[in-house]
Every structure is written in C-alpha cells, then in structure tokens.
1. Could you please let me know if residue 145 is open to solvent by 90 Å² or more (accessible area, probe 1.4 Å), over 18 Å from residue 62 (Cα atoms), of a type in the set (Ser, Thr, Tyr) and within 14 Å of the ligand (Cβ to nearest atom)?
2. Of all residues being among the aromatic types (Phe, Trp, Tyr) and out of contact with any helix residue (DSSP H, G or I) (no Cβ under 7 Å at 6 or more places or on another chain) in the stretch 73-105, which is least open to solvent (accessible area, probe 1.4 Å)? Just the residue, please.
3. Pick out the one residue from 14, 28 that is open to solvent by less than 30 Å² (accessible area, probe 1.4 Å), over 14 Å from the mean Cα position of the chain (by Cα) and at pLDDT 95 or above.
4. Return the total of residues in the stretch 50-61 being buried (at least 24 other Cβ atoms within 10 Å of the Cβ) and part of a strand (DSSP E or B).
5. With (1) assigned to a loop (DSSP other than H, G, I, E, B); (2) away from the ligand (no atom under 15 Å from the Cβ); (3) of a type in the set (A, V, I, L, M) as the list, and residue 94 as the residue in question, which single condition is left unmet?
6. Cβ contacts < 9 Å: first residue of a type in the set (Phe, Trp, Tyr), restricted to the stretch 35-48; second residue open to solvent by less than 10 Å² (accessible area, probe 1.4 Å) and within 11 Å of the ligand (Cβ to nearest atom), any location; separation 6+ or different chain. Result?
7. Is it the case that residue 74 is out of contact with any Phe, Trp or Tyr (no Cβ under 6 Å at 6 or more places or on another chain) and more than 15 Å from the ligand (Cβ to nearest atom)?
8. Filter the stretch 25-49 for residues that are more than 14 Å from residue 94 (Cα to Cα) and either outside any loop (DSSP other than H, G, I, E, B) or in contact with a strand residue (DSSP E or B) (Cβ under 7 Å, 6 or more places away or on another chain) (or both) and give the result.
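The values are calculated or read from the model by the stated rules, or taken from the named source; none is laboratory data. Everything numeric in this text was worked out from a predicted model, so none of it was measured. Cβ sites come from the backbone with ideal geometry, for glycine too, and all protein chains shown count toward neighbours. We work out accessible area using only protein heavy atoms, side chains counted, and drop any ligands, DNA or RNA first. Shrake-Rupley method; radii C 1.70, N 1.55, O 1.52, S 1.80 Å.
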Amino acid sequence: MARLQLVTWPNPILENPAEAVTEFNQDLKKLADDMFETMYAAPGVGLAGVQVGIARRLFVMDCSGGKDPSSRYFMANPQIIVQEGKQDGEEGCLSIPGIYSKVQRSLRVIARGHDINGKEYEIEGIELEGRCLLHETDHCDGILYVNRISPLKRELVQRKIRKLQRAGEWPA
Ligand SMILES: [Zn+2]
C-alpha cells in the first residue's frame, strides 16, 4: 500500500463532475487500498477519488476511524436515493485542511452504488455517516462543502485560506 498525495482546493479537479467507474479490476482494488491508507493517515473519515487526483466517481469512508471493520466502505458510482430529517454540525474536508464550517445536512441518508467487485449495494447512514455519504457523493459531482454554506460563511473560509496561503502554510 502507498500513501497518495492529497489534492487541495482550489485545484479544478475538485470542482468538476467525475467520470463513472466502469472497470472493477486489480487497479481499482489497489487504488481503494491506497485511499484507505491515505484517509486513515490524514486522519479523515472519508476520501473521494478526486481528492487524490483520480477523476472517477468513487470514495472510501470509515466513520469509526478504523475501529469497526463493518464501518469500512468503498463505493463507486454513488447515488443518494433517500434523505430524511436535518442535522447541523461542523464539517471539514481533507482538501480544505484545518478549516471547519457549520453545514446543514440530512440526518438519514441511503446511498446506492457499486462495491469493489462492481456489485450494486446500498449504505444507510445516520448522523456522521449520513453527513459523510452526502459529502463524498458531492465530491463525485464536483461539489465542496463550501458550496453548501452561505456566501458570508464561504467568504470567511476563503479569507482563512488566503491568510494561510500568504503565510506559506497552505499545501499547494
Ligand atoms: Zn471532502
């Protein structure tokens, strides 16, 4: 396994819809393994293909941080098929490191997509897992959480990033 380079905002790959995954082969398995390693090392609870420079619709997630194997998911070609309720909470992104903002999301979410072998399945997520499913599926559509907050809050996030960039503390 290898740790992959994280892509940070404003790299344009993060703001364009990714292509469908059509081949479920050894290369995809290797990519998924490397993405899990990269996500755990960061540490983070979700990581989409575009965040490691792969413009394909796929993500890995584990809201247990590696403690519970049943929380470990790979999904390709995700689609959100159910959204219920509301939750408010701080959200971050490995592509916008160290900055968090309150984002309203649905409380209960079901995503449908393909597993590592190309078999269709669904993930049901509540609270953090629901938030994560929405956040990672958004990445596949070229949407970042900063596109889901008010213009005022977005300006605040951008100001923080510019400050970090000027200080040379923002990853290229
Ligand atoms: Zn993210």
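1. Numbers: open to solvent by 90 Å² or more (accessible area, probe 1.4 Å): no; over 18 Å from residue 62 (Cα atoms): yes; of a type in the set (Ser, Thr, Tyr): yes; within 14 Å of the ligand (Cβ to nearest atom): yes.
The answer is no for residue 145.
2. Looking at residues that are among the aromatic types (Phe, Trp, Tyr) and out of contact with any helix residue (DSSP H, G or I) (no Cβ under 7 Å at 6 or more places or on another chain), I get 73.
3. None of the others qualify; the one that does is 28.
4. Final tally of qualifying residues: 4.
5. (2)
6. That search, which allows pairs on different chains as well, returns 36/47.
7. Yes.
8. Within the stretch 25-49, the first condition is being more than 14 Å from residue 94 (Cα to Cα), and the residues that meet it are 25-34.
Within the stretch 25-49, 26, 27, 28, 29, 30, 31, 32, 33, 34 meet the criteria.
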